[in-house]
Structures are given as structure tokens and as C-alpha cells.
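Inspection log for the structure reproduced underneath, given as C-alpha cells.
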Amino acid sequence: MSTVLVTRPRHQAGSFVQELEKYGLGSVVFPTIEIRPAPAWKIPDISTFSGAFFTSPNSVRYFMKRLQTEAPEQLEHLKAIKVYAVGKTTANDLATYGITTEPLPKVADAINLMETVAPEEIEGKSFLFLKGNLSLGTIPAIIDERGGHCHAITVYENHPPDLEKARKIRQMIDEGRISCLSFTSPSTAENFFKAIGTTTIPEGMKVAAIGMTTANALEKLGVHTDIIPSYYDAPHFAEAIA
């Protein structure tokens, strides 16, 4: 049985492991990022914004958790403005709160999402941008270029993996017990190779990236990506790996 290394945060790994199992693939879960809520931020007055951008399921999870606890009345304001999601999973998570998102691009990344937003929808308007501490800042940069204003809030933080576990994973790789490395964000890739101390992988081992943003991050590390799914979500990712 082929074995895939799953580097997603532990609370998000289960669904992907199940998708891999549908194709008879085994998995080893090694979260290369630990997600924690960011300190010292508050829910703003959402009625002052024309739209809000959620960059990942984690941005939904941590923003909505605080909103429900500290400012539940702001939910109706959020439902009243345009809400944009990077990826189908992010959009689905928002839907559980009754929030409708704008149409998604086929390629689920920040650049393609912004191509669906007309410049006149941004110029002179203010937007809320919910992100992690390692966000590349693509969306705020485009909003700024188009004459809009972006209020960015870091709602969660990425922390590196346990180094003792990393040594065990490297041993498994060296022994040929893992056939594919899978990465779902630039930070999962960067933290993984930093933790194992090398970007050299055995010949024949495949590297899978859930999208072009992650593949580009791997390329910067000097790592070739063999697999990219046609659509950037867990089911399509598992299918592409299989």
C-alpha cells in the first residue's frame, strides 16, 4: 500500500485521510503547523465595510468563534455585505453560519479570486481581510492597487512542529516507508523541510501540492511538485494523488 504523508493541522487532517482511504492509500499524519488563535484583536464594526475576505477555513473558524462570543450582533452585518472566500471548503464553512459567499473561481487561490472582482467594486471602498500570521498579503496588495482600503486582522497563528516527531518522519522517508509528501499551504511545506533539515528527497518519492500557491512555495525551496489537483480541495487532492 502506498503511504501519503499528511502535513495538515491535526484538526483538519481527518477528512483528508478519509479521502485517501477511498483510493486504498495509507497515511501518516504529521502536522507541520500548529494553529492557535492570535491574541489581542477585536471584532470591528462590520457595517463600515463593503466586503470581507476569508482566506482559509482557519480564518473562518477563529473569526467566527470570537464574533459569536464577543459580538454576536455583528453576524447580521456580515451577512449584509459581500463575502469572498478563498476555496470551496472556506465557502462551505461560512455557509454553516448562514453566510453566502460570492461566486468562486475554478482555481481557488487569491489571485484568481481577485480576478473575479471588478475594479469598480473595490475603488474607494473598505474591506475586511481575515488572515493567518503567514499570509502572503496578495489580496490587500491588489485592493490597494485598485484604490480600495483593506483592514487586515490576524486571527490565527501558525507554529512549527515538534522536532522529535520530525526526526522519526525523516527516518521513515529515508527507509522508503512514505511514497508521497502532501502539502496544503506554503507554511506546511516550509515548516516541513525546515523541521527535517533538508530539501533532498529520495528518488521516486512524489510531492503533491494542493494548489499553485503551495507549488510556487515548494519551487522556491528547490522542491519539484509532481501532483497538483484540478480543483483545490481535499477530495480532488486525494484523487490526484491516487
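Some points to look at:
- Residue match in the stretch 211-219 (condition: without any contact (Cβ under 8 Å) to a residue 60 or more places away in the chain and farther than 20 Å from I111 by Cα): no
- Under the condition of being at pLDDT 90 or above and of a type outside the set (K, R), the residues counted in the stretch 212-235 number 16.
- Scanning the stretch 147-159 finds no residues that are under 30 Å from P202 (Cβ atoms) and without any contact (Cβ under 8 Å) to a residue 12 or more places away in the chain.
- Those residues of the stretch 89-143 which are under 12 Å from F54 (Cβ atoms) and acidic (D, E), in sequence order: D93, E102
- Meets criteria (within 19 Å of V86 (Cβ to Cβ), in the same structural domain as V83 (by TED's automatic domain parsing), of a type in the set (A, V, I, L, M, F, W, C) and over 20 Å from the mean Cα position of the chain (by Cα)) for I122: yes
The values are calculated or read from the model by the stated rules, or taken from the named source; none is laboratory data. From a predicted model like this one, the values you see are computed outputs, not experimental measurements. With ideal geometry, Cβ positions are generated from the backbone for all residues, glycine too; neighbour counts draw on all protein chains shown.
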